[in-house]
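Read the structure below first, then the notes.
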Amino acid sequence: MSALKQAPPAVPTRLSLAMATFLGLVALITALGVGHLLAAFVGYQASPFVAVADFVIAHSPHPVVVWAERTLGTADKTVLRIGLAVVLVGFAVLAGQLSRRRPLPGQVLVAVLGIAGIVAVYQRTDVGQLALLAPVLAMAAALLVFGWLHGRALPVTGAEATGLTRRQVLQRGAGVAVGTGVAAVVGEVVAGSGNAAGSRAAIGPLVPARKAPPLPPDADFVKLGSPPFITPNKDFYRIDTAFVVPQVRAEEWQLKIHGMVDKEVTLSYADIRNRPLVERTVTLTCVSNEIGGDLISTANFIGVDLSELLDEAGVRHGAQQMYATSVDGFTCGTPANVALDPERGAMLAIGMNGEPLPVEHGFPARIVIPGLYGFVSATKWVTDLEFTTWDERQSYWLQRGWAEQAPIKTESRIDTPAAGASVAAGTVRIAGTAWAQHVGIQRVEVRLDQGPWQQATLSAEVNKDTWRMWWAEVPAPSGGHTVTVRATDQSGYTQTDHPADPVPDGASGWHSVSFTAR
Ligand SMILES: Nc1nc2c(c(=O)[nH]1)N[C@H]1C(S)=C(S)[C@@H](COP(=O)(O)O)O[C@H]1N2
Ligand SMILES: [Mo]
């Protein structure tokens, strides 16, 4: 590195590896920081990082999405965040390396990435044209900073006067990185000040005119190892396609009902809230739930009857699907006859377990429809209900290979003992849950190893739209065992042992757990 004492100062012709890497990273931080600051004013989803992450999710091939959901579950967003950060750092380092002699090759790469960010924001439906400012100015800032620092680190011959020492370049670069880092934090704070949490906190108590009947004391067998009947909001499973949780303020929210209707209806939060509210206990289930999986939870939802709202709009004959749209671009197609059926108990929900809907669960309003998997029914942050035909519109997951019709399958799960558990030999207690929403559970049976089926004790039925807990005791001598469960619903159907994947319309098969008795 250091020049020989006597030799005249060498005019460098290329940047060191370290300096080139440094310049690339400063350019990256500049882009992300400037983009994030501007996004706070033009729409959080216009932040280049957020937009590119959402773009990746929306354009991932179907098998990749399925694989991510299956292996990563709800950690998939964190993995994506880290993966994307690693890829961006890789590009930043590459941009630096390409530019060891001249700034142009690195700038070309920066521009290509910048254009990707612009396209990602341009394709969004939840931000306006102005939002393009965020990625455009982020790219411009990165190009300028990169060119400027490059010119100080490696002045063109004859322009030595503008050259700086290595130390000075590092200082200036670090200054820019810190400045834009602060800009990103400011952006986060500004965006946060207008977010949904404040609006939610101001809602006040939601008092249903018709409360859900109180739970019978034997609605669950928590002491024997079943899950609690009502899932606390913080434990309720979550499925989101959006990279960041959409922020919708109740004051600004509107729901439009249109399409094949006699009269278009637009409702505000106050319009919904001021109606007599109903409360219903409903078990939601995700179609991606594997046999034995935990993408199923139960809550007391508060809201209004969807069928009443739809009657006011007057849905026309010939409408086949209710095509719901969320602010995050997620769409969902429900069979129109199910949405319209007053006996079904479909709701536009604004409350969950006595509170306004949590932001992650769709504040200010979502759809809840008993008996259908969430991807065809449970639109969160819903703003638009269009009545149309199946040919006219294809919802988010339908486009990705999942089914059009998706009633929840009759299934059961063993919660106790846990897989691989070691228990005392003798009488072993087995407990779990079973569900057949909108039909009801009639019977649950367990079997130890290849022994006879034995009937389990069921909890009191809360209603047909919720899960049902069960327990049983089996005689298990010391050694390894496998216990299996199967449920029969009130139509007389016993769940099939035929194993099916979640794609396209829900997993099937019997859940088994292996344990050791000592
Ligand atoms: N806007 C929006 N609504 C959505 C989804 C989504 O990704 N975005 N996921 C759906 C799916 S697949 C399910 S299973 C349920 C999950 O609701 P929860 O996250 O409140 O449990 O919401 C549905 N509604
Ligand atoms: Mo789902």
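Read-outs throughout are calculated quantities, based only on the coordinates presented, and are distinct from any laboratory measurement. Since the model is a prediction, treat every value here as computed from it, not as a measurement. Neighbour counts run over all protein chains shown; Cβ positions are idealised from the backbone, glycine included.
Summary of values
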{"read-out": "Distance cut-off 29 Å, percentage of C-alpha pairs in the chain lying past it", "value": "60 percent"}
{"read-out": "Positive-end residue of Thr241, Ala131, Leu149, charge dipole of the chain with Cβ unit charges", "value": "Leu149"}
{"read-out": "Descending semi-axes in whole angstrom, ellipsoid equivalent of the range 117-223, from the Cα gyration tensor", "value": "55, 19, 14"}
{"read-out": "Net charge contributed by nearby residues that have their C-beta within less than 13 Å of Tyr323 (K/R +1, D/E -1)", "value": "-3"}
{"read-out": "Interatomic Cα distance distribution for the range 89-134, bins of 5 angstrom, percent", "value": "5, 22, 22, 15, 13, 12, 8, 3, 0"}
{"read-out": "Over 29 Å (Cα to Cα) - which of Lys77/Lys211; Lys263/Lys464; Lys211/Lys263; Lys263/Lys409; Lys211/Lys380 fall in this group", "value": "Lys77/Lys211; Lys263/Lys464; Lys211/Lys263; Lys263/Lys409"}
{"read-out": "Gained length - Leu144 relative to Glu188, 0.36 nm times residue gap less alpha-carbon distance", "value": "13.5 nm"}
{"read-out": "Whole-Hz ³J(HN,Hα) from phi, Karplus 6.51 cos²θ - 1.76 cosθ + 1.60, for the range 224-233, glycine and proline x", "value": "9, x, 8, x, x, 4, 8, 8, x, 3"}
{"read-out": "Efficiency of FRET between Thr457 and Asp501 - r from beta-carbon atoms, R0 35 angstrom, step 0.05", "value": "0.65"}
{"read-out": "Three-way shape call for the range 267-416 based on the alpha-carbon gyration tensor, with the a/c threshold at 1.5", "value": "oblate"}
{"read-out": "Only Lys, Arg (+1) and Asp, Glu (-1) charged, at Cβ; the chain dipole about Cα centre in debye", "value": "2480 debye"}
